[in-house]
1. Would you call Leu111 touching a helix residue (DSSP H, G or I) at 6+ places or on another chain (Cβ under 8 Å), touching a residue at least 12 places away in the same chain (Cβ under 8 Å) and within 11 Å of Gly34 (Cα to Cα)?
2. Taking only the range 132-159 into account, find how many residues are more than 15 Å from Leu106 (Cα to Cα), modelled with pLDDT of 65 or more and of a type in the set (Gly, Ala, Ser).
3. In the range 24-124, which helices (runs of 4 or more DSSP H) lie fully inside it and hold 1 or more residues that are modelled with pLDDT under 95 and closer than 23 Å to Arg144 by Cα?
4. Does Arg163 satisfy being modelled with pLDDT of 85 or more, open to solvent by 10 Å² or more (accessible area, probe 1.4 Å), in contact with an Asp or Glu (Cβ under 9 Å, 6 or more places away or on another chain) and assigned to a helix (DSSP H, G or I)?
5. Can you tell me which residue is farthest from Arg163 (Cα to Cα) among those in the range 59-91 that are open to solvent by less than 20 Å² (accessible area, probe 1.4 Å) and in contact (Cβ under 8 Å) with a residue 60 or more places away in the chain?
6. Name the pairs: first residue in the range 28-42 and free of Cβ contacts under 8 Å to residues at least 60 places away in the same chain, second residue open to solvent by less than 70 Å² (accessible area, probe 1.4 Å), Cβ to Cβ under 7 Å, at least 6 apart or on different chains?
Amino acid sequence: MRAFLLATAVMLTAACATPPRRPEGAPSRVVVVGASAVSKPAPRGLVGDVLGGDEPRDVVAREGAEALRSRGYEVVAAESLLGPAPTVEQAAALARQYRAEAAVVLVLTRLDLSALQPLGRAEVELESMMVGPDGQVLSSGERRGATSESLYRARTDWRSHVRQAVVQAVRELP
């Protein structure tokens, strides 16, 4: 009886921890495009000094690709773009260039770190869009919210908060 309860608890925990899978019929091969309207934050603390080389657009692209892979998407490429967010036409062109079924565009529009060190919180705004190679917008959304982490690294490094926001945005994609 105890073994049955333990096995049930383990399976239930695993099922709850698994991110939602890619829905049937959704594009499977995607290219990820990361962009940011936010400038690179100044390093904070030891962790920030050591790992302070990333640009927000690079973090968004890398974390977006990883989150999509965990949902069952095949990520054929991940690019980070300088300048403004790509247009629908530019996203469609990237999907065609990589022979992907869609381009997933993730744009960091706001990052407020004023409560990072005292509370371990950050305000993050992220826009997401999925565009087919024909230019059809398959999905779009905007995510605003506060992230909070209790680990020391999260109180000194903005990347964990951007990662959390990207993962949530990717979960909302079809």
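1. Here the answer is no, as Leu111 does not meet what is asked.
2. 2
3. Once the helices (runs of 4 or more DSSP H) in the range 24-124 are filtered for at least 1 residues that are modelled with pLDDT under 95 and closer than 23 Å to Arg144 by Cα, what remains is 56-70, 116-119.
4. yes
5. Within the range 59-91, the match that is farthest from Arg163 (Cα to Cα) is Arg71.
6. Lys40/Glu55; Lys40/Pro56
The values are calculated or read from the model by the stated rules, or taken from the named source; none is laboratory data. If you're wondering where the values come from, they're calculated on a predicted model, not measured in any experiment. When we count neighbours, we look across all protein chains shown, and the Cβ atoms used for this are built from the backbone with ideal geometry, even at glycine. The protein model used for the area step is the full one, side chains on, heavy atoms only, and it has no ligands, DNA or RNA in it. Shrake-Rupley method; radii C 1.70, N 1.55, O 1.52, S 1.80 Å.
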